[in-house]
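The next block holds one structure in the form of structure tokens; read it before the comments.
The values are calculated or read from the model by the stated rules, or taken from the named source; none is laboratory data. Quick caveat, the model's predicted, so the values are computed rather than measured. Reconstructed Cβ throughout: ideal geometry from the backbone, glycine too, with neighbour counts over all protein chains shown. Side chains included, ligands, DNA and RNA excluded: accessible areas come from the protein's heavy atoms. Shrake-Rupley method; radii C 1.70, N 1.55, O 1.52, S 1.80 Å.
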Amino acid sequence: LGRLKGALENSSFDEISQFLSLPGEPISYSISVETAPTFVGGRYTKLARDVSQTPWNQQDGLLISANVEDVLCKPLLAAFSADDGKMHAAGREDIDVRMLGEGRPFYVQLTNVRVFPSRSKLQEIQHQINLASKHVKCSGLTPVTKGDCDIVKQGQDEKEKEYRCIVKAEEEVTDEMIGKLDGLTDLVLQQTTPLRVLHRRTPMTRAKRILRCLLCYHGITGSYHGVTAELPWSYHGVTM
């Protein structure tokens, strides 16, 4: 090393450059800086049918324009000056099912945020969302942590869900029929993946557990059917 150092010190630049490959053009580089993801959470209710949770196409290829994600994400993207946003919820309801009650927990993950609105500004955004949309409403809009987001995801597996629907029968409904369902508890069903969701879910059989079932007869107008179910694979909240 000593002899090499001496040789370099006693040599001119031209002599050294004969043994080195130097770039012919100046070297340029750029630096890109991106903020960590920002999370905003709350609850949403869906007051109308034919509103999907996320954008999706019908079988004929037509895009269903009304969806919860667009209603919630677009105002937040603008307020935070973010590059992108994605909504995540504690499960999902079918497109033809309303989401009532206290609402379904959700959070929006915002990418490369440039502006950080205050909590009071978030309340203004929430008010604007609720005024602009007749079918989708949100509440409790607030900044959340990654840990809070993990709790929302866990809600898909650990919560009980209550379903309410009107059942119309073509044939006469007897007391015996009602008796078989009314008060039913702890029934496990094996459900295959519905055709309507095959485009996003693996075709397989999943166990669905009904915790209790209540049935009330309403004469010629049909039956009121209430079911509380524990569905580890999809969170539906209170639906109607």
> Taking helices (runs of 4 or more DSSP H) that fall entirely within the stretch 1-100, which contain at least 3 residues that are surrounded by 10 or more Cβ atoms within 10 Å (Cβ to Cβ) and modelled with pLDDT of 75 or more?
Replying inline: 68-80
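Within the stretch 172-184, identify whether any single residue is at pLDDT below 80, at negative phi and not aromatic (Phe, Trp, Tyr), and answer yes or no.
Step one: list which residues in the stretch 172-184 are at pLDDT below 80, which gives none.
Looking through the stretch 172-184, none of the residues is at pLDDT below 80, at negative phi and not aromatic (Phe, Trp, Tyr).
What are the residues in the stretch 133-175 that are open to solvent by 70 Å² or more (accessible area, probe 1.4 Å), part of a strand (DSSP E or B) and either among the acidic types (Asp, Glu) or touching a residue at least 60 places away in the same chain (Cβ under 8 Å) (or both), if any?
Glu160, Arg164
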> Picking from Leu198, Leu131, Leu187, which residue would you name as being within 18 Å of Lys46 (Cα to Cα) and of a type outside the set (Lys, Arg)?
Replying inline: Leu131
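Go through the stretch 176-191 and give me each residue that's exposed (fewer than 10 other Cβ atoms within 10 Å of the Cβ) and touching a residue at least 12 places away in the same chain (Cβ under 8 Å).
Of the residues in the stretch 176-191, the ones exposed (fewer than 10 other Cβ atoms within 10 Å of the Cβ) are 176, 185-186, 188, 190.
Listed by number, the residues that qualify are Thr185, Asp186, Val188, Gln190.
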>> Among the residues of the stretch 124-132, are any polar (S, T, N, Q), surrounded by fewer than 17 Cβ atoms within 10 Å (Cβ to Cβ) and in a loop (DSSP other than H, G, I, E, B)?
In response: no
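When you scan the stretch 101-117, how many residues do you find that are over 17 Å from Ala36 (Cβ atoms) and not in a strand (DSSP E or B)? Can you show your working first?
The first filter runs over the stretch 101-117 and keeps only residues over 17 Å from Ala36 (Cβ atoms), leaving 101-106.
Within this subset, residues satisfying the condition of being not in a strand (DSSP E or B) are none.
Counting residues in the stretch 101-117 that are over 17 Å from Ala36 (Cβ atoms) and not in a strand (DSSP E or B) gives 0.
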> Would a scan of the stretch 147-161 turn up a residue that is farther than 23 Å from Phe39 by Cβ and at pLDDT below 90?
Replying inline: yes
> Identify, please: which residue in the stretch 192-206 is open to solvent by 30 Å² or more (accessible area, probe 1.4 Å) and among the aliphatic types (A, V, I, L, M) and is, among those, farthest from Thr54 (Cα to Cα)?
Replying inline: Met204
